[in-house]
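The values are calculated or read from the model by the stated rules, or taken from the named source; none is laboratory data. From a predicted model like this one, the values you see are computed outputs, not experimental measurements. Here Cβ is always computed from backbone atoms with ideal geometry, including for glycine, and neighbour counts include all displayed protein chains. Ligands, DNA and RNA are stripped out before the accessible areas are found, and what is left, the full protein with its side chains, is counted by its heavy atoms. Shrake-Rupley method; radii C 1.70, N 1.55, O 1.52, S 1.80 Å.
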Amino acid sequence: MRNASMQGHELSAAWCTYLFMMELLVSIHCYFWSPSRTICLWMSLVLLLQYSKTVVSKSDYLIGLGSYDITGPAADVNMMGYANAEQIASGIHFRLRARSFIVAEPQGKRVVFVNLDACMASQLVTIKVIERLKARYGELYTEQNVAISGIHTHAGPGGYLQYVVYLVTSLGFVRQSFDALVDGIEKSIIQAHENLRPGSIFVNKDSGFSTGELLDASVNRSPSAYLNNPASERRKHKYDVDKEMTLLKFVDDQWGPVGSFNWFATHGTSMSRTNSLISGDNKGAAARFMEDWFEKNGIKSSDTNESGSDGVPRRVSNIIPNIHDDYNKLLELAASFRSSPGSPATQIMSVARRVRGALRQADKPGFVSAFCQTNCGDVSPNVLGAFCTDTGLPCDFNHSTCGGKNELCYGRGPGYPDEFESTRIIGERQFRKAVDLFEKASEQLKGEVDYRHTYIDFSQLEVTLTKVGGGSEVVKTCPAAMGFAFAAGTTDGPGAFDFKQGDDQGNPFWRLVRDVLKTPDKKQVDCQHPKPILLDTGEMKQPYDWAPSVLPIQILRIGQFVILSVPGEFTTMSGRRLRNAVKTVLTRSGNGEFGSNTHVVIAGLTNTYSQYVATLEEYQVQRYEGASTLYGPHTLSAYIQEFQKLATALIKGQPVEAGMPPPDLLQKQISLLTPVIMDSTPAGKNFGDVSSDVPANSTFKRGSTVTVVFWSACPRNDLLTEGTFALVEMLQGKDTWTPMYDDDDFCLRFKWSRPSKLSPRSKATIEWIIPSSSSPGVYRIRHFGASKGLMGSIRHFTCSSSAFVVA
């Protein structure tokens with residue numbers, strides 16, 4: 001049985017056809033037989049108006065979605081998020097993507113929202129994307145109406161931000177990381193633009209018998225700070241984190257559903273600070289699960305369930321019929337395919353063999369599903385709680401320490417101790433809730449498309465606060481600074497040395513170290529109080545700016561749905577206050593445009609990055625989030641004040657001042673990352689030759705792991721964008737190999753390694769965890785890569801393992 005929203009579209013289309021035919025019959029009758037042409041004219045006009053209204057009510061917007069690979073360099077580059085200098089990329093868990101939607105009024109304004117499988121947005125990336133869009137489309141897409149948001153995975157390549165403090169562990173700027181993001185974002189927007197067609201948008205945060213609450217995918221990692229918020233405020237909320245997911249469903253008038261974007265708060269830290277495989281973490285996994293689910297189930301009736309028993313989508317079990325029923329024949333067939341030596345390949349070959357590219361219809365846009373980030377500042381996916389690694393006991397409540405040491409306190413995910421399993425579980429839980437909301441979405445967005453954007457200097461902003469007893473006072477924000485507790489890290493990824501969360505005093509030794517870089521003056525110390533300043537980043541300018549001062553803030557409107565683009569990580573209570581403040585401005589405007597059905601979501605880590613935003617009360621506690629609230633205790637109040645101004649301008653149809661834009665620091669960037677000099681193999685070996693094959697006459701059961709090792713080359717030589725380094729192929733017939741899984745699949749891992757940091761030799765280890773839904777048959781594992789010669793030439797190669805049987 002099809003969902004209610006699709007039935008509505010079919011009825012609407014049928015009604016349109018009926019009215020059109022009636023109007024046509026009346027017109028013919030009037031022309032040939034009617035004695036009263038005036039009456040006939042009125043009848044025709046009434047029917048025509050009804051027909052027009054029906055068409056308009058079906059699709060008020062043009063909608064377009066796009067998606068493109070932004071994986072970047074899978075070797076040698078420090079990962080962004082944990083600030084762990086030893087966390088260096090060395091392979092791929094699954095690929096990263098930029099997913100975009102464009103919504104436009106046919107003769108009016110339009111907005112663009114891009115969701116990145118990246119730690120956060122970057123001011124420099126945003127600047128260069130906008131430059132490219134202006135060069136291609138003129139003023140159609142600008143910083144005013146384009147929002148670029150990160151999901152906050154901590155397992156993507158770093159080095160793409162422009163401020164010094166975010167480039168220290170990556171050894172400066174990494175051009176490959178930067179280019180992969182700019183190129184991928186631009187291409188995803190181009191796709192969305194070219195896919196613009198009449199369509200409708202539905203919003204849902206209520207899935208029928210239950211609300212959109214997702215109860216088992218998040219916990220508060222700084223509860224002692226949350227408890228410092230007023231008890232009267234806390235009593236208004238059932239949980240100490242936001243449990244609600246809000247989803248948009250995009251429906252093309254011709255093709256039906258073409259995508260969904262949802263917002264839910266949980267950190268991208270299911271993968272740990274020691275992981276070295278590029279991964280979209282739990283939100284990237286959820287997106288992959290949902291896109292695969294729709295490719296198999298989206299256009300079928302809900303009675304047809306092709307998912308596995310655990311609900312995670314299965315793509316391959318019915319693609320190829322199982323024509324091999326005799327086990328001995330399977331073994332004999334597999335034995336005839338031995339490993340192939342490395343051989344030359346074209347650059348496009350890995351793209352052509354991609355699994356998902358082959359599944360999509362050429363004349364229909366692929367389904368795009370994005371799991372966006374919101375106010376995740378104090379929200380962890382490690383839902384089992386934080387425990388000491390030495391004793392197994394819970395960590396200290398106020399400081400998240402174990403015997404006074406923060407390094408021993410770690411949060412545990414639901415798959416503990418397996419971080420891959422924790423990632424899958426938290427991703428699957430978000431995926432399941434999103435499918436539930438998607439299938440039941442029925443509230444259609446209606447109304448204008450609009451936006452407001454401005455740049456604000458947060459280093460010296462005057463903020464007017466209302467006093468409790470009446471009256472007001474003016475306070476100011478401060479130049480950016482990071483507190484001592486910043487260096488303590490969190491239970492998702494603890495820091496080092498003797499730092500701890502909840503430190504509002506500091507340490508004499510580390511003050512001496514700090515003063516070598518920059519000693520904060522009394523004005524700054526007083527402004528940031530009670531934060532003890534570890535790094536006075538806002539006043540550090542050598543070799544260029546260490547932290548941002550000017551930040552973009554933005555509101556996007558699609559009918560009754562409003563997105564607040566914020567350039568940081570708001571804590572749970574900070575996000576609630578901002579949403580409520582903006583919603584109050586909108587719904588009390590008196591113009592009737594916004595009512596009780598107004599939906600306001602926060603898009604976190606958007607357009608640039610400026611770390612955290614804690615409430616004034618949380619700031620006093622100086623846990624990690626408070627210590628990372630850069631602009632002082634009144635940072636949240638500053639955001640609320642400025643967003644209220646934007647919201648007021650939006651409902652009144654008034655412009656806002658553009659503000660002074662942030663600097664473009666591309667030409668000042670420094671990179672210390674060693675380039676790839678050359679690749680080599682042992683004597684008598686070619687790139688791609690098998691180093692460790694599957695055993696002869698192998699048979700594997702579903703659930704087991706197949707491992708093959710190849711002589712390889714550095715993945716930085718060619719990122720194989722929209723391609724794959726690893727592939728599982730299944731034999732169809734007697735000699736046709738069909739792609740089944742690639743390195744964008746959760747079950748296939750591509751691991752790259754070299755014996756030493758400067759060695760030109762390297763190996764690729766490919767691990768396939770055979771899904772329970774895999775069809776019995778003959779399989780092999782294939783590898784694609786590119787080597788670099790001493791003179792700089794790049795040569796692509798491919799190779800395969802011996803065949804084996806899955807029974």
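Between region 329-381 and region 744-807, the C-alpha centres lie 13 angstrom from each other. Based on C-alpha pairs under 8 angstrom that are at least 6 apart in sequence, the chain has a relative contact order of 16 percent.
Once the Cβ-Cβ distance between residue 86 and residue 338 is put in as r, and R0 is 41 Å, what FRET efficiency do you end up with, to the nearest 0.05? Efficiency computed from Cβ-Cβ geometry: 0.55. Here the relative contact order of region 473-522, from alpha carbon pairs under 8 Å that lie six or more residues apart, stands at 26 percent.
About its Cα centre, the dipole of the chain is roughly 520 debye, where the only charges are +1 on Lys and Arg Cβ and -1 on Asp and Glu Cβ. A straight line joining the Cα centroids of region 482-554 and region 617-677 runs 17 Å.
Whole number please: convex hull volume per residue of the Cα set in region 713-771, in Å³?
Hull volume normalised by residue count: 113 Å³.
Length gained on full extension, residue 384 to residue 234, computed as 0.36 nm times the residue gap minus the Cα-Cα distance: 51.7 nm. For region 688-799, the Cα gyration tensor yields ellipsoid semi-axes of 27, 15, 13 Å (square root of five times each eigenvalue, largest first, whole Å). The Cα center of region 165-185 and the Cα center of region 206-261 differ in position by 31 Å.
The residues neighbouring residue 539, those whose beta-carbon lies less than 11 Å from its own, together hold a net charge of 0 under the Lys/Arg +1, Asp/Glu -1 convention. The residues of the chain present an accessible area of 39 Å² per residue when probed at 1.4 Å with all protein chains retained. What the phi angles of region 752-761 give under the Karplus curve with 6.51, -1.76 and 1.60, with θ = phi - 60°, is a coupling list of 10, 8, 10, x, 8, 4, 9, 6, x, 8 Hz, glycine and proline written as x. Calculated FRET efficiency, residue 670 to residue 407, Cβ-Cβ distance, R0 = 45 Å: about 0.90 to the nearest 0.05.
Ignoring the sites themselves, the chain has its longest run without GluC sites (Glu not before Pro) in a DSSP loop having at most 12 other Cβ atoms within 10 Å at 140-656. Can you bin the chain into rounded, prolate or oblate? Criterion: square roots of the alpha carbon gyration tensor eigenvalues sorted a ≥ b ≥ c, rounded for a/c under 1.5, prolate for a/b above b/c, oblate for the rest. Oblate is the answer for the chain, as a/c is 1.5 or above yet b/c matches or exceeds a/b. Available extension along the chain between residue 769 and residue 175 is 210.5 nm, counting 0.36 nm per residue and deducting the alpha carbon span.
Rounded to a whole number of µm²/s, how large is the Stokes-Einstein D of region 103-261 at 10 °C and 1.306 mPa s, given Rh as the Kirkwood radius over C-alpha pairs?
Result for D is 84 µm²/s.
For region 407-490, just say rounded, prolate or oblate: build the C-alpha gyration tensor, square-root its eigenvalues into a ≥ b ≥ c, call rounded for a/c under 1.5, and beyond that prolate if a/b exceeds b/c, oblate if not. Judged from the Cα gyration tensor, region 407-490 comes out oblate (a/c at least 1.5, b/c at or above a/b). Its DSSP H runs of at least 4 residues, each contributing -39,500 (n - 2.57), put the calculated 222 nm mean residue ellipticity of the chain at -8000 deg cm²/dmol, to the nearest 500.
For region 173-249, the gyration tensor built on C-alpha atoms gives an oblate shape. Its axis ratio a/c (a ≥ b ≥ c) is at least 1.5, and a/b is not larger than b/c. The simple Förster model, with R0 at 51 Å and r as the Cβ-Cβ distance, assigns residue 678 and residue 807 a FRET efficiency of 0.75.
Taken over region 737-781, the percentage of Cα pairs per 5 Å bin, counting from 0 up to the bin with the maximum distance, is 5, 17, 24, 19, 11, 11, 7, 4, 1. Contact order for region 592-632, expressed relative to its length and based on alpha carbon pairs under 8 Å spaced 6+ residues apart, stands at 32 percent.
Considering all different alpha carbon pairs of region 455-495, the Kirkwood hydrodynamic radius works out to 13.1 Å. Approximating the spin labels as points 7 Å out from Cα along Cα→Cβ, the residue 596-to-residue 513 distance works out to 5.6 nm. Considering only protein heavy atoms and a 1.4 Å probe, what is the carbon-and-sulfur percentage of the accessible area of the chain? Carbon plus sulfur share of accessible area: 55 percent. The label-point distance for residue 705 and residue 497, in a model that sets each label 7 Å from Cα toward Cβ, rounds to 3.6 nm.
Using only alpha carbon positions, build the gyration tensor of region 450-527, then give the equivalent ellipsoid semi-axes as the square roots of 5 times its eigenvalues, largest first, whole angstrom.
Equivalent ellipsoid semi-axes, largest first: 31, 18, 16 Å.
May I ask for the net charge around residue 761, where only other residues with Cβ less than 14 Å from the Cβ of residue 761 are counted and Lys, Arg are +1 while Asp, Glu are -1? Spelling it out: positives minus negatives among the neighbours equals +3.
Just in region 217-250: which chymotrypsin sites (Phe, Trp or Tyr not before Pro) are loop by DSSP and have at most 15 other Cβ atoms within 10 Å?
Qualifying residues, ordered by number: 239.
Positive-end ranking of 77, 103, 91 along the dipole of region 60-111, with charges on Cβ about the Cα centre, is headed by 103. Note on region 587-637: along the principal axes its Cα atoms extend 42, 25, 15 Å, ordered by decreasing extent. Rounded to the nearest 10 square angstrom, residue 245 shows an accessible area of 0 square angstrom against a 1.4 Å probe.
Computed over region 346-488, the alpha-carbon pair-distance distribution with 5 angstrom bins reads 2, 6, 7, 9, 11, 11, 11, 13, 14, 9, 5, 2, 1, 0, 0, each value a whole percent. Taking 791, 290 and ordering them by how much accessible surface each has at a 1.4 Å probe, largest first, produces 791, 290. For region 591-745, the fraction of alpha-carbon pairs lying more than 27 Å apart is 63 percent, rounded to a whole number. Counting every pair of alpha carbons in region 542-600, the share spaced more than 13 Å apart comes to 68 percent. Using the Cα coordinates of region 75-144, the gyration tensor eigenvalues translate into equivalent-ellipsoid semi-axes of 32, 14, 10 Å, sorted from longest to shortest.
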